[in-house]
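Below is one structure; the comments refer to it alone.
The values are calculated or read from the model by the stated rules, or taken from the named source; none is laboratory data. All of these numbers come straight from a predicted model, not from anything done at the bench. Ideal geometry is used to build each Cβ from the backbone, glycine not excepted, and the neighbour counts take in all protein chains shown.
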């Protein structure tokens, strides 16, 4: 059997480990885009390449996190919170929630809700600033512990793990095994987890949803049909808004209905056909101990900005940070994309395929070019810039172009020397003159 382990309200649970007074209280973790990355005085950025997940940034500043904790903006019977970390220069509360405790959810508080709205629903809500360094540490500790208990463990994200119990635990003993594992994880790491078990990883993940909070759920093959009968299709991993709408258009609202409409799904193509197999428990993927990253990106949201010179400077900054991460991964991306979000909900996107040796200078120029091409609403203010790189040559069969190969090699050597300096002294030790 496969098992899926998910940390309950991970960011809140981590905060409670550090500050026990938060236990049992309505708590939420705030999130606000780190726009200080664009400051000429920016320094001490840390790159995270090990873990991913919702609201897990590739770049963050661990030093600022320490300064945010216990800002003491509001003190009372509930303790301290970090509300000051989410106030702008005018004292207005900005930012969204990345997660909330179950006590907070009773008030209707949800992930991605604005902090201001959440405080309206629950004035006593304790807002804590994120602490990525702590999250990374706890995730690593749990991963190491699981490796001592299960022969094959895969880390899917910063707070999710898969395990393969085949040949290790008899199917009849799985319920007692995962119940004991759940309690042992709590005793050793202080983290509350929920565990789902099933024949496939996809059904195990679904079972975890119905085991929360701090519970276990095992779905045997003969129980699958009854289990999925009334579950809304949107709760299955891989069914997004567009697929949900498509299913709704043909009167498929639950996973049970989806499993009985094999012909309909197969007529929609390979992806829908595979989706039907996963929901029916007939398709699975192996548990792998090492996760191969397929893409990497960086994005920042900021107050509406019109100045195109300043926006181009910010593209330089984002490109430099992303270049550092790419070189650290030791990969050569061949697909590059840049997305822009404007005020009034307008968006624009440009991408390009390029099979050449990766150098920071060429990447910087490419990002500026993509920005110029993507900036089609020049009368509007921008609120977000995103850059993404994918299709790494270590995984694709694309061959590098030989045009300008010698010049690229020389520039690549310079890029590597710059990388060595940044590895030793920090990402912000060397900057492009155009950033200043």
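If a residue must be within 22 Å of residue 51 (Cβ to Cβ), over 19 Å from the mean Cα position of the chain (by Cα) and without any contact (Cβ under 8 Å) to a residue 12 or more places away in the chain, how many such residues does segment 135-185 contain?
Result for segment 135-185: 3.
For the condition within 21 Å of residue 413 (Cα to Cα) and surrounded by fewer than 19 Cβ atoms within 10 Å (Cβ to Cβ), what is the one hit in 322, 368, 305, 354? Working first, answer last.
Details: 322 fails: surrounded by fewer than 19 Cβ atoms within 10 Å (Cβ to Cβ); 368 fails: within 21 Å of residue 413 (Cα to Cα); 305 fails: within 21 Å of residue 413 (Cα to Cα).
Among 322, 368, 305, 354, only 354 is within 21 Å of residue 413 (Cα to Cα) and surrounded by fewer than 19 Cβ atoms within 10 Å (Cβ to Cβ).
Would you call residue 118 assigned to a strand (DSSP E or B), farther than 15 Å from residue 197 by Cβ and in contact with a strand residue (DSSP E or B) (Cβ under 7 Å, 6 or more places away or on another chain)? Write out each step before concluding.
Details: assigned to a strand (DSSP E or B): no; farther than 15 Å from residue 197 by Cβ: yes; in contact with a strand residue (DSSP E or B) (Cβ under 7 Å, 6 or more places away or on another chain): yes.
For residue 118, the condition - assigned to a strand (DSSP E or B), farther than 15 Å from residue 197 by Cβ and in contact with a strand residue (DSSP E or B) (Cβ under 7 Å, 6 or more places away or on another chain) - is not met.
Look at residue 71 and say whether it is buried (at least 21 other Cβ atoms within 10 Å of the Cβ) and either at pLDDT below 75 or at positive phi (or both). So that I can check it myself, show each step before the final result.
Working: buried (at least 21 other Cβ atoms within 10 Å of the Cβ): no; either at pLDDT below 75 or at positive phi (or both): yes.
In short, no.
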